[in-house]
Amino acid sequence: MASKRITQETFDAAVRENIEEFEMGPEEAVKEAVKQFESQGVDLSNIVKMTPKVSADGAQEPIHDILQALDDLQESVAHSHPQEASAHLARFCEQCKQHKACRFLAAEKGAYPILLATWKLAAAAFPDNPSILSELCSTLSRLAVRNEFCQEVVDLGGLNVLVALLADCNDHQDLVKQVLSALRAIAGNDDVKDAIVRAGGTESIVAAMTRHLASPQVCEQSCAALCVLALRKPENSRVIMEGGGALAALQAMKAHPQEAGVQKQACMLIRNLVARRQAFSQPILDLGAEALISQARAAHRDCEDVAKAALRDLGCHVELRELWTGQKGNLAP
């Protein structure tokens, strides 16, 4: 297993050396650098494996497209040009979608303060255009790829922005969905889970799911966010239960029986709520959970494992299904 890591600068320097010293083409230089580092047991999952661009006269340091987009975004925000910022944000978001390593690089190079500054500018300049804020939330979700990045969102005030946005923009369904996705993403950090709960995030999530019960996308993201908050966190489970989270999840299951995503996330939430809080099992069963989870298990193959686990942790009898039966005899050599 590869365990060593290098910086993007080290990788880029090796590529430039292959081009300048060994007269390789850009594509060959990148392949050779990858081969060189992987042979040394280096994990390159955080590296953008492309040749950075240089200026025509070679005077500037090479820069990757995503960092150029980030620089342009920062400059437009600094000069309070909302239209330009919107265009540069779209370009930056597109880069984030293309390569996971680009997201590592952007986060390491200070993307979060720039995105939050863009957020404030966009909120002031486009109060009636939630699509820009939706795109910012989507980008924030994609950048939350490591524990320290999730914590940085909280430290910079991003969590308060997300919770306030969920409460203030509850009428905009797509924006609500993206805010929920962003909360789910940063809650991958256990400390951030607690911060979200302290900030009133669970109440806002349950309120969003209740308000948009007719939307399977909002229901799925709401259940998914609560599921992450409850994972390995019995105290958070208590807050979710007292705030009506289990009831809202079961209502979502009733409203969307054909939506596998809703059913799966709701089952996972129920399991997490009772996994370390067995006292919650009976109240959840009294809400009709067993029948709903059993229906999800029967209707959706993707729900088989999570539904079975939820029923088991609720203390219900789970009928095991025989997945394969073979003939007796020796295996062929």
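Bear in mind that the values in this text are calculations on the coordinates, not laboratory data. Because the structure is a prediction, the values reported are computed rather than measured. Cβ atoms come from the backbone with ideal geometry, glycine included; neighbour counts cover every protein chain shown.
Computed over every Cα-Cα pair of segment 27-173 and binned at 5 Å starting from 0, the pair-distance distribution P(r) comes out as 2, 9, 17, 19, 18, 14, 9, 6, 4, 2, 1 percent.
How large is the charge dipole for segment 157-266, taken about the Cα centre, if only the Cβ atoms of Lys, Arg (+1) and Asp, Glu (-1) carry charge, to the nearest 20 debye? Intermediate values should be presented prior to the final figure.
Details: 10 positive and 11 negative charges, 51 e Å.
Roughly 240 debye, rounded to the nearest 20.
For the chain, would you read off the P(r) tail past 32 Å as a percentage of all alpha carbon pairs? Walk me through the intermediate numbers first.
On the way: 24114 of 55278 pairs.
Summing the P(r) tail past 32 Å for the chain gives 44 percent.
Along the chain, counting only trypsin sites (Lys or Arg not before Pro) with a DSSP assignment other than H, G, I, E or B and at most 12 other Cβ atoms inside a 10 Å radius, the longest segment between sites is 1-231. When +1 charges are put on Lys and Arg Cβ atoms and -1 charges on Asp and Glu Cβ atoms, the dipole computed for the chain relative to its Cα centre reaches about 1640 debye.
Length, then width, then depth: along the principal axes, the Cα atoms of segment 207-299 run 30, 26, 19 Å. Once the Cβ-Cβ distance of Glu75 and Gln258 is raised to the sixth power relative to R0 = 41 Å, the FRET efficiency obtained is 0.30. With 27 Å as the limit, the listed pairs Lys233/Lys308; Lys31/Lys109; Lys193/Lys264; Lys49/Lys193 have Lys49/Lys193 beyond it between alpha carbons. Considering only Leu121, Leu229, Leu140, the mean-square fluctuation computed in a Gaussian network model of the chain, springs between alpha carbons under 10 angstrom, is largest for Leu121.
In this calculation the C-beta distance from Asp305 to Ala13 is compared with R0 = 51 Å, giving a FRET efficiency of 0.65.
Farthest towards the positive end of the charge dipole of the chain, among the residues Phe280, Val218, Ile114, is the Cα of Phe280, using unit charges on the Cβ of Lys, Arg, Asp and Glu.
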